[in-house]
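*Asks:* Here's a structure for you.
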Amino acid sequence: MGNYRNEILDYCELLICLTSGKDSLQAERTFDALNSLLNNHPDFHSSRLDNAKAIFFLHCRSQLDSALYYSLCWNPSPADMGAKNKLLASIYRKKGEWSKAIEYEKIAFVNRRESDKEYYHVYYRNLADLYANWGYADSTSHYATLAYVSLLESYEQKANKRILELEKQYDIATKEAALDRVRRDRNIVIILFIALLIIVVLLIREKELVRKNTMQLQREAKKDAVAKSVVSSVLATYAGVNKRLAIIHNLPDKDRQEALNQFIQENKSNISRNLQSLLEEYHDTLPEIVRKVDELLEGTQQRTVFILTEMDFSPNEIGRMLGISSSQVRMVKKAIRDRIALSGLVHVDRVQQLHVMHVKDSVGKNQ
């Protein structure tokens, strides 16, 4: 029964739609199909069925009595009472019963929906037509005036609504334009900031490179100066060394080795003193941190190895200057590192600035 009920209600909805759309041929076919279903279920009754038949008999077949009968049988919800009274007013209008038509038209106007406010002029116009057909000129003029005023109010409401929509669209467009300007300005600021940051980084990098190059050139100049001084000292003493060696060569065999050893020790001491005096001349030109560490060390050998290392001389070069092996130079450098670490004179983040602290010559492995 439930399936047949739904099918009948669907036919009722279809019949109302076809009748309202003035498709009489399809409405007739739908009405015949609906009657076939109702013949199989004679006990079926629905308020929607009465509504569909009333509309069909009124608009398709113009059977006013049947339409009136089913309209009166129609028991709609409170929300649809206005539609029922409107339908009754239409039936009585076609029947020419003007007083009844006016009565139900007014009832329909009272039962109107809130959403129908803008269509007041339709109700007033219908009442004006009914009174005109009934022959009441004053009432006709009254409701015609109300219809005209309602129409003007309706147009005014539509115009105000349209104005509000346009203002809203304008406000939205203005806000969007303002947001676009803000976004554009923000993007420009970000791009300028990034460009400025890049320029600053490049300038800092360039300045650092120039500083490093300058320091490197200064180190190379000091290294060359020291090397030239050492060469000059060697050349100055070369003639005296040859004479001393010739004398030692002419000594007896038993005295020759002892004299030669003594000569070597004296030359080592002289070379070390000469080198130390040269380094002292350049002591004031060294960085402050290097001078402080130099004053911390013990003995001439440690200070000499430290200063020469800071001047970028290799262990082999330092060994040749001091007359010792490169492994001995590395051992001295290790002792210097240990002394610097234990003294606490140089902060840990500045220790790496000292070349002597670099473990690039692998002291442990050479030991």
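*Asks:* Please work out how much length the chain gains when fully extended from residue 259 to residue 182, using 0.36 nm per residue of separation minus the C-alpha to C-alpha distance, in nm with one decimal.
*Replies:* Here the answer is 18.4 nm.
*Asks:* Given points 7 Å out from each Cα along the Cα-Cβ axis, report the residue 298 to residue 43 separation in nanometres with one decimal.
*Replies:* In this crude spin-label approximation the distance works out to 12.4 nm.
*Asks:* For a 26 Å ceiling on Cα separation, which of these pairs sit above it: 86/161; 212/333; 53/86; 22/161? If you can, show how the numbers build up before the last one.
*Replies:* On the way: 86/161 29 Å; 212/333 24 Å; 53/86 15 Å; 22/161 33 Å.
Check vs 26 Å cut-off fails for 86/161; 22/161.
*Asks:* Can you compute 3J(HN,Hα) from phi for each residue in the range 299-306, using the Karplus curve 6.51 cos²θ - 1.76 cosθ + 1.60 with θ = phi - 60°, rounded to whole Hz and x for Gly and Pro?
*Replies:* Computed from phi, the couplings for the range 299-306 are x, 5, 5, 4, 5, 5, 4, 5 Hz.
*Asks:* On to the next question. Can you give the Rg and Dmax of the range 2-152 based on its C-alpha atoms, in angstrom?
*Replies:* 17.2, 55
*Asks:* Evaluate the distance, in nm, between pseudo-label points positioned 7 Å from the Cα of residue 24 and of residue 211 along their respective Cα→Cβ axes.
*Replies:* For the pair residue 24/residue 211, the computed spacing is 10.3 nm.
*Asks:* Describe numerically, in nm with one decimal, the distance between label points set 7 Å from Cα along Cα→Cβ at residue 341 and at residue 193.
*Replies:* So the two model labels end up 4.5 nm from each other.
*Asks:* OK, next. Which net charge results when you count Lys and Arg as +1 and Asp and Glu as -1 among the other residues whose beta-carbon is under 15 Å from that of residue 40? Walk me through the intermediate numbers first.
*Replies:* Numbers: positive: 5; negative: 7, 32, 43.
That sum, taken over residues with Cβ under 15 Å, equals -2.
Read the figures in this text as sums done on the coordinates, not as results from a lab. A quick note: this is a predicted structure, and the numbers were derived from the prediction, not measured. Quick reminder, even Gly has a Cβ in these numbers, built from the backbone with ideal geometry, and neighbours come from all protein chains shown.
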